[in-house]
Amino acid sequence: MTTMLGVDLAGRDVLMVGGGAVTARRLVRLLDEGARVRVVAPEVCDDVRAAIATHGLSWTPRRVRRGDIGAAWLVHTATGDQRVDADVAAMAERLRVLCVNASDGAHGTARLTAQARSGDVLVGVVSDAGVDPRRAGRVRDAIGALLREGRLPVRRRRKSAAGRVDLVGGGPGPTDLMTVRGRRLLAEADVVVADRLGPIDVIDELDADVEVIDVGKRPGHHPVPQEEINAILVAHARAGRRVVRLKGGDPFVYGRGGEEVAACLAAGVPVDVVPGLTSVVSVPQAAGIPITHRGVAASVHIVNGQAETSPSTVAALADPSVTTVVLMGVAALPRLIAVARGAGVPDDRPVAIIESGHTAQQRTTRSTLAQVLGDAAAVGVRNPAVIVIGDVARAELLMPSPTWAGDALR
C-alpha cells in the first residue's frame, strides 16, 4: 500500500545517482522545486552536463558511495544498471533516506508522481502496485485538462487573509472562446463581479455559494457607477476573497479595466489581468469580415460610439486603406455617417453591422454609407452591435458565415 505525501524539497539536499537521460528529465523538475541537487556518476550526458554548468551543480565523477547518501533528504538512482540501482536503494533504506529507484520504482521507497497543476493546487498520480508511468501520465493529462477547463472544484475552503482581484476578459460570449486561465480563475473565485455581456452561461457552472454581483451597464443606464464597482472589488479582496471581475471582450478595450486596476493598486490589493478576445476582431470575424486584408486595408481605427467624434476618426473614415470599427455605436450611427459624408467619403463605401456576434441571435446587415441608415431602421438594428466601415466589408471579401448566423443582405 502506497501513502502519498507532499514533500517540500526546496533548499534540501537531493542526490542524483547516474547521469543519463532519466536523470536529465528528473533533474529539471527537482530544480524547479528548489532542491539542492548533487550528481554522482562516472559520466554524464550532454543535457545533464548543461544543467550542471547552468545551475552550478555539484558533480562527483565516480561511482556512488555510502557516504554520498547519508546527507541527502532524497536519493534518485537511475544508472541504467538494475543491480547498481538496487544496491543504492538498499543503502538508502538502511540509512533511512527515501529513494526513488527509476529502474524499478516498485522497489524504491519513494516515487515521483505524474503531476498536474492549477494555480496552487497540485495533483499527483502514481500506481499503487507496480509501475506504469504511461498510465499515470495519461491519467495526469486527463486531470490536467479538467483543471485547465475549470471543471474541477478547486476553490479554497479555508479563507486566507490574502485576497486578490483578477480582471478576466470573457471574449464575445461563448464559453468555449474564453481563455484557459480565465476558466481556471473562475473555478477558484469566491466572488464574481459580472457585466451583462460576455460568457454569462459560465456563471451557471459556479458553486452555489459563490457570490455573483451583477454590475452590467446598458446604453444610458448604469445602475452601478464605476466608482462603486471599484469599491466592491477592493472590499471583497480586503476581506480575503478571490474576486473575478468578469467582462465581455477584453478588459482594456472600452472595458474600463485600467481604472479598476488603478483602484486595486491604490488600495494595495493584488490584481492581475487576463486578456480576452475583443469584439473589435472577433465579432466581424464571426460574420466572415477580416478587419485587415492585404491590398484592401492595412490598419484599423477603433471608435467608441458614445464619445465625441475626434479628428483622428474623421481622418480614418476618409482613408480607404483604414477599417473603422465602431463599438457601442448604434445610437451614434447617424452622426458618424454625417461626419463621414462631410469628410468626402464616397457613398458606396461598404458598411456592415453585426448584432449579437457569436450567438444564436447573430445577424449581419451589409449596406453602404448612403443607405445604411435606412437599412438599419428597416431591420431594427439593436445593441450589442459592432459596426465596420471600410472596403473589408464588401460582400466578395466575406468568408461563409456560421450556419446559425442570420444575414440581412442588400
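Each value in this text was obtained by applying a stated rule to the coordinates, not by laboratory testing. Everything quoted here is computed from the prediction, not taken from an experiment. All Cβ positions, even for glycine, are placed from backbone atoms using ideal geometry, and neighbour counts span all protein chains on display.
List the strands (runs of 3 or more DSSP E) that sit entirely inside the stretch 198-303 and contain at least 2 residues that are charged (D, E, K, R) and over 21 Å from the mean Cα position of the chain (by Cα).
Here the list reads 211-214.
Of everything in the stretch 97-116 that's part of a loop (DSSP other than H, G, I, E, B) and of a type in the set (Gly, Ala, Ser), which residue is farthest from Arg26 (Cα to Cα)?
The qualifying residue farthest from Arg26 (Cα to Cα) is Gly108.
Name the single residue, out of those in the stretch 148-186 being without any contact (Cβ under 8 Å) to a residue 40 or more places away in the chain and not in a loop (DSSP other than H, G, I, E, B), that is nearest to Gly119 (Cα to Cα).
So, considering only residues that are without any contact (Cβ under 8 Å) to a residue 40 or more places away in the chain and not in a loop (DSSP other than H, G, I, E, B), the one nearest to Gly119 (Cα to Cα) is Arg148.
Out of all the residues in the stretch 71-97, which are buried (at least 18 other Cβ atoms within 10 Å of the Cβ) and under 39 Å from the mean Cα position of the chain (by Cα)?
Initially, the stretch 71-97 is screened for residues buried (at least 18 other Cβ atoms within 10 Å of the Cβ), giving 72, 74-79, 85, 88-89, 91-92, 97.
Selection gives Ala72, Leu74, Val75, His76, Thr77, Ala78.
Name the residue that is nearest to the chain's Cα centre (by Cα), counting only residues in the stretch 1-49 that are small (Gly, Ala, Ser), in a loop (DSSP other than H, G, I, E, B) and buried (at least 16 other Cβ atoms within 10 Å of the Cβ). Full working, then the answer.
Within the stretch 1-49, the subset small (Gly, Ala, Ser) is 6, 10-11, 18-21, 24, 34-35, 41.
With in a loop (DSSP other than H, G, I, E, B) added as a condition, the list becomes 6, 10-11, 18-20, 34-35, 41.
If we keep only those that are buried (at least 16 other Cβ atoms within 10 Å of the Cβ) as well, we get 18-20, 35, 41.
Working: Gly18: 38, Gly19: 37, Gly20: 36, Ala35: 29, Ala41: 41 Å.
If we take residues in the stretch 1-49 being small (Gly, Ala, Ser), in a loop (DSSP other than H, G, I, E, B) and buried (at least 16 other Cβ atoms within 10 Å of the Cβ), then Ala35 is nearest to the chain's Cα centre (by Cα).
Under the condition of being surrounded by fewer than 23 Cβ atoms within 10 Å (Cβ to Cβ) and β-branched (Val, Ile, Thr), which residue from the stretch 340-391 is nearest to Gly329 (Cα to Cα)?
Val381
So which residues in the stretch 50-78 are assigned to a helix (DSSP H, G or I) and touching a residue at least 24 places away in the same chain (Cβ under 8 Å), if there are any at all?
Ala51, His55, Arg66, Asp68, Ile69, Gly70 - these are the residues of the stretch 50-78 that are assigned to a helix (DSSP H, G or I) and touching a residue at least 24 places away in the same chain (Cβ under 8 Å).
Conditions tested, residue by residue: (1) surrounded by 16 or more Cβ atoms within 10 Å (Cβ to Cβ); (2) of a type in the set (A, V, I, L, M, F, W, C); (3) in contact with an Asp or Glu (Cβ under 9 Å, 6 or more places away or on another chain).
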position: Val212; (1), (2), (3): no, yes, no
position: Gly257; (1), (2), (3): yes, no, yes
position: Val280; (1), (2), (3): yes, yes, yes
position: Ile289; (1), (2), (3): yes, yes, no
position: Arg294; (1), (2), (3): no, no, no
